Each structure stands twice: as structure tokens, then as C-alpha cells.
Amino acid sequence: YFYNALYNLIISEFITNLYTFLIIATNHAGRDVYRFSTKCNLKNKEEFYLRQIIGSVNFNYGNDFIDYLHGFLNYQIEHHVFPDLSMYAYQKIAPEVREICKKYNIPYIQENVFIRLYKTIKIFTGEESMKVL
């Protein structure tokens with residue numbers, strides 16, 4: 001029983017860590033995402049919000065089932081801009097944030113999680129680099 005329990009624990013930890021990596025790391029990496037070489041001036045609200053938007057990516061969203069599978073982390077841009085809102089509030093404000101970005105010509109990236117994984121692997125292997133601001 002001990003080895004069976006240990007085996008199951010190791011497998012479940014591996015799957016959980018893989019899933020967590022897939023959901024969190026991939027919407028913060030890619031050649032289309034910025035990383036910053038300087039600290040953000042928190043007194044400058046415009047700079048703060050811009051950095052939150054161009055430094056993260058959303059996954060596809062649209063219904064509760066998909067959002068649940070992503071742990072509602074598919075609204076990463078909205079989460080970075082408004083970190084204190086509930087996950088259901090992100091569903092409601094996402095179209096508005098997207099329209100504001102469109103209005104001011106700010107990139108609002110939303111892609112499939114597996115496309116993001118591919119882009120993250122290209123960064124990790126050194127094949128591509130993230131944009132630097």
C-alpha cells in the first residue's frame with residue numbers, strides 16, 4: 001500500500017505541476033510579450049496599466065467550462081490590470097478591456113493555450129527572445 005500510495009502521489013504531483021506550468025508560465029512568455037529592464041514607476045498609472053497589458057497574454061475564453069479548466073487564469077490581462085476583482089468580474093470586463101486596447105492601439109493578445117506553450121518553449125530553448133522595454 002505504501003509504494004502504491006507513493007507512486008500515486010508522485011504521479012499526481014507531476015501532473016499538477018505540469019498543468020500549473022501550462023496555465024501560468026505560458027501567458028507570460030513568448031516573442032510577442034514584453035519583459036521590462038527597469039522598475040515600473042507606480043506613480044505613473046498609464047505606465048503601470050500598459051505594462052500589465054503588454055507583459056501578459058490571455059487564453060481563449062468565453063464560457064464557464066473553458067474558464068474553469070483554465071482556473072480563470074485565461075483572463076491574465078484583466079487579472080494584472082485589476083488584481084482585486086473576482087474571477088467572474090474578469091469575464092464581464094474582458095470585452096471592455098479589449099475594446100480599450102483596440103481604441104488606443106495597444107496589443108491585446110489572446111491565443112490558444114497550446115500555441116502559447118509552443119511560443120514559451122521557443123523562449124526557453126533560446127530560439128526566440130521576448131521583447132524588451
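The values are calculated or read from the model by the stated rules, or taken from the named source; none is laboratory data. Being a predicted model, the structure only gives us computed values, none of them experimental. Because the Cβ atoms are built from the backbone with ideal geometry, glycine has one as well, and the counts that use them run over all protein chains shown. All accessible areas refer to the heavy atoms of the entire protein, side chains included, with ligands and DNA or RNA removed. Shrake-Rupley method; radii C 1.70, N 1.55, O 1.52, S 1.80 Å.
Keeping all protein chains in position, work out how much accessible area PHE36 exposes to a 1.4 Å probe, and write it in Å² to the nearest 10. Using a 1.4 Å probe on the heavy atoms, I get roughly 60 Å². Cross-link partners for LYS103 among the lysines, with Cα-Cα distance under 25 Å and sequence neighbours closer than 8 places in the same chain left out: LYS43, LYS45, LYS92, LYS131.
In square angstrom, what is the accessible area per residue of the stretch 1-120 with a 1.4 angstrom probe? Write out the running numbers ahead of the final one.
Details: 8070 Å² over 120 residues.
About 67 Å² of surface per residue is accessible.
Please arrange PHE114, PHE48 by accessible surface area, largest first, computed with a 1.4 Å probe and ligands excluded. Write out the running numbers ahead of the final one.
Working: PHE114 130, PHE48 55 Å².
Highest to lowest solvent-accessible surface, that is PHE114, PHE48.
Going by accessible area, probe 1.4 Å, with all protein chains left in place, what is the ranking of ARG35, ARG51, largest first? Can you show the working numbers first?
On the way: ARG35 125, ARG51 30 Å².
From most accessible down to least: ARG35, ARG51.
Hey, any idea what % of the chain's accessible area is carbon plus sulfur with a 1.4 Å probe?
On the way: 5700 of 9050 Å².
About 63 percent, which is the carbon plus sulfur part of the accessible surface.
Cβ-Cβ distance of LYS102 and TYR68, R₀ of 35 Å, FRET efficiency by 1/(1 + (r/R0)^6): the value works out to about 0.80.
Grouping the Cα pair distances of the chain into 5 Å bins from zero gives a pair-distance distribution of 2, 10, 17, 20, 18, 14, 8, 5, 3, 2, 1, 0, 0 percent in increasing distance order. 3J(HN,Hα) along the stretch 16-22: 4, 5, 5, 5, 4, 4, 4 Hz, from the Karplus curve 6.51 cos²θ - 1.76 cosθ + 1.60 with θ = phi - 60°, whole Hz, x for Gly and Pro.
If the chain linking ASP32 and ILE93 were pulled fully straight, counting 0.36 nm for each residue of separation and taking away their Cα-Cα distance, it would gain 19.7 nm.
Using the Cα atoms of the stretch 44-110 to build a convex hull, what is its mean projected area in square nanometres?
On the way: hull surface 16.5 nm².
Mean shadow area of the hull around the Cα atoms is 4.1 nm².
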